[in-house]
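Below: the structure, in structure tokens.
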Amino acid sequence: MKVYEATHIRNVALVGHQGSGKTMLTEAMLYTAGVISRMGSIEEGNTVSDYHPSEKERGMSVFTSLLHVPWQDHKINVLDTPGYPDFVGEVLAALRVADLAIYVMNAVEGVQVGTELAWEYGLKQEIPSMFVVNHLDRAESDFRTLVAQIKERFGRGATVVQIPAGTGTRTIIDVLHMKQLTYPKGSLTPEENEIDPAFREEAEELHTALIEDIAENDEGLMELYFEKGTLTEDEMRKGLRAAMIRRQLFPIFVVSATEVIGISRLLSFLVNVAPSPADMPPAKLVDGGTLAPDPSGPPVAFIFRTMAEQHVGDFSYFRVYSGTLEQGMDLENAQTGTMERLGPLYAMNGREREAVPRMVAGDLGATVKLRDTHTNNTLRPKGTSYVLPPIEFPEPRYAVAVRPLREGDEDKMMQGLHQLVEEDPSLKIIQDPLLRQIVLAGQGEMHLEIARFRLKNRFGVEVEFVKPKVAYRETIQTSARTSYRHKKQTGGAGQFADISIHIEPLTEPFQPPSDITVRGEVTVETNWGARVHFVDAIVGGVIDMKRFFGAIQKGVLEAMQNGPIAGYPVGDVRVIIYHGGMHPVDSNEAAFKTAARMAFREAFKKAQPVLLEPIDEVEVIVPDAFTGDVMGDLNTRRARIQGIETEGVFQKIKAYVPEAELYRYATTLRSLTQGRGIHRARFSHYEPMPRHVQDKVVAEAEAMQEA
């Protein structure tokens, strides 16, 4: 296969809401370029892009596919991303290595939440962007209303380059070329004509607006425009490219992917106007430096995706940021320090791969069988310091406890889970020894179902998902004192320890009780994140604290690990040891550890104990029409609404919600909003739960202990 230089490469990511037509647009591009002889379809499960078994089974994109389209002596690398919100990690990875985000929009549905979210991600990446409005051939499409929505939500930089000639049409008015393009059924080449008089006035107005938009963002072009009253097509192309790179202008195109309308014109625009890797600013490095896409520079590549393929092994998808990669080249993994020898290099078209002798700076490709290299790793020459910033994956929004269906599959399950997380860092494994559960967390129910599907098909281990236990905490609301004497005689040396303790909530600053004399203190951090402030207030040496203080601490910490109310770990407390007694022979560390444990439990029960529950800070983004339903549902979940903000055509609801009430919330929200709502949640704090809820949790804990 031909090797392309950076100036002849275009890297584009197709992003947008589920069902907008990204995969079929990819299919139409390949068909128009002659890469495939007939177009597949989502329904038949035979598209080039959606080739994975889980994608065919569900009729939707789950993973980002890398494809390449040859057009006019250029190579257009296309990253076809999933639109389902659960697979946001795939979108973020694609935007990280693309030079242009193409927001594919449904001409019938208008601006949707998936597009909104993808726009925010693109904004953070500062990536040049454009809009492609799909389904122009549908009679119910409403292009002009959609353009108004685009401008309202994404700013006046959205500028029209094409309009459909009416509704349900096969004809496009190109206001950059000022030509009318009609795509006869079955033809990939449009008939080019003068613009129909019915659309001439609108086209001229849009042509003038496009020229003014371009000139406004370039002083030199502004002077030319004032001087000549217009700009040449070449001047418009150069000005538009520069404005796209600076994210000042976002062109709007129209197509019908399934009918292959407007595809050839879109491909030509990508080649003639869209930025190449050579046009883009140098890549930023972790140390603050930059890296230019120089083919003769040091070979540096970034792994943006890892995917295992049956009978082949791990595919590592990369972007070459500098230099030229060749098979057999030895490079250092910047994260692990290990050396990797590059295997064959491939240009990908979904599952199909085409070997290439080398890949130069700016190109996207894949290789196989890297031993110790994963997503977010940088490959570089040994002895150099180049490190590219990692992709920032979102925090999980949905979690389940996972366990194998067959006894003895625990190790195999964990091996499979760790492999999946290496490939998809938007998945997380949380092992909680206190709750004795393994939690798999991701972006939604579908995300985790795909993980379960892959565990079974790839690793041969079947698992079940159950509701995860909530990490409740126990604490006290007031102070209390108690004394406990541990005395045990078994014939030989016995055990004796007498201890009096005062416990109270851990407040700052520490104000000792009037009858307490502080002689020493230490604060201990537990492995569940709680703090314990131990205070030595022993007077007169009734307890040898040099000898037994450590044992007393161990006893208290042991009691705190399983709190007296429902067996949950105890939160922040202060423990003051103020009196006691010991025996010259029978007192030992074991005795004082036991006495401290029992004294703490007794004092805890006297100090108005309460269960704490984790509270999450939640943001819910929904179309305005669903706000009432979503608010009503949040109220049933004991939410405290903090406010509502308007973001374009969406409402952002902010609330504090108990974590226990958020199980399966992503699924409920999707149902309430017809798939158009999304939420983010992160831990905020602990707070006491209502008494009736506490009684229920305690009863459940007691029933579990009895069982």
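Observations
- Test: GLY567 is in contact (Cβ under 8 Å) with a residue 40 or more places away in the chain, in a loop (DSSP other than H, G, I, E, B) and under 30 Å from LEU435 (Cα atoms): yes
- Cross-chain or 6+ apart pairs with Cβ under 7 Å, the stretch 634-647 first and polar (S, T, N, Q), then modelled with pLDDT of 95 or more: GLN642/LYS654; GLN642/ALA655; GLN642/TYR656
- Residues in the stretch 368-426 that are assigned to a loop (DSSP other than H, G, I, E, B), surrounded by 19 or more Cβ atoms within 10 Å (Cβ to Cβ) and basic (Lys, Arg): ARG397 only.
Residue-wise test of (1) farther than 30 Å from ALA703 by Cβ; (2) outside any helix (DSSP H, G or I).
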residue: PHE496; (1), (2): yes, yes
residue: GLN511; (1), (2): yes, yes
residue: VAL518; (1), (2): yes, yes
residue: VAL532; (1), (2): no, yes
residue: LYS554; (1), (2): yes, no
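- Test result for ASP572, charged (D, E, K, R), in contact (Cβ under 8 Å) with a residue 24 or more places away in the chain and in contact with a Ser or Thr (Cβ under 8 Å, 6 or more places away or on another chain): yes
- Comparison of GLU617, GLU647 shows that the only residue that is surrounded by fewer than 20 Cβ atoms within 10 Å (Cβ to Cβ) and at pLDDT 95 or above is GLU617.
- Here PHE269 passes the criteria (1) touching a residue at least 40 places away in the same chain (Cβ under 8 Å); (2) not in a helix (DSSP H, G or I) except the one numbered (2).
- Of all the numbered requirements in (1) within 15 Å of GLU504 (Cα to Cα); (2) of a type in the set (S, T, N, Q); (3) touching a Phe, Trp or Tyr at 6+ places or on another chain (Cβ under 6 Å), GLN553 misses one, and that requirement is (1).
- Just one residue in the set THR373, THR338 is farther than 29 Å from GLY529 by Cα, touching a residue at least 12 places away in the same chain (Cβ under 8 Å) and out of contact with any Lys or Arg (no Cβ under 8 Å at 6 or more places or on another chain); that residue is THR373.
- Verdict on ARG638 being more than 21 Å from VAL111 (Cα to Cα), touching a Pro at 6+ places or on another chain (Cβ under 6 Å) and buried (at least 16 other Cβ atoms within 10 Å of the Cβ): yes
- Tally of residues being out of contact with any Pro (no Cβ under 9 Å at 6 or more places or on another chain), among the charged types (D, E, K, R) and in a loop (DSSP other than H, G, I, E, B) across the stretch 136-177: 4
- For GLY416, the criteria (1) out of contact with any strand residue (DSSP E or B) (no Cβ under 7 Å at 6 or more places or on another chain); (2) farther than 16 Å from PHE465 by Cα hold in every case but one, which is (2).
- Of all residues in the stretch 124-137 being polar (S, T, N, Q) and in contact with a strand residue (DSSP E or B) (Cβ under 7 Å, 6 or more places away or on another chain), the one that is surrounded by the fewest Cβ atoms within 10 Å (Cβ to Cβ): SER129
- Helices (runs of 4 or more DSSP H) enclosed by the stretch 43-126 - at least 3 residues per element that are more than 26 Å from LEU285 (Cβ to Cβ), at pLDDT 90 or above and not aliphatic (A, V, I, L, M): none
- In the stretch 138-170, the qualifying residues are those that are buried (at least 22 other Cβ atoms within 10 Å of the Cβ) and out of contact with any Phe, Trp or Tyr (no Cβ under 8 Å at 6 or more places or on another chain), and the one that is nearest to GLU204 (Cα to Cα) is VAL160.
- Boolean, ALA451 is assigned to a strand (DSSP E or B), at pLDDT 90 or above and not assigned by TED's automatic domain parsing to the domain that holds ASN588: no
The values are calculated or read from the model by the stated rules, or taken from the named source; none is laboratory data. Please read these numbers as outputs of a predicted model, since none were measured by experiment. Here the Cβ is made from the backbone with ideal geometry for all residues, glycine too, and neighbour counts use every protein chain on show.
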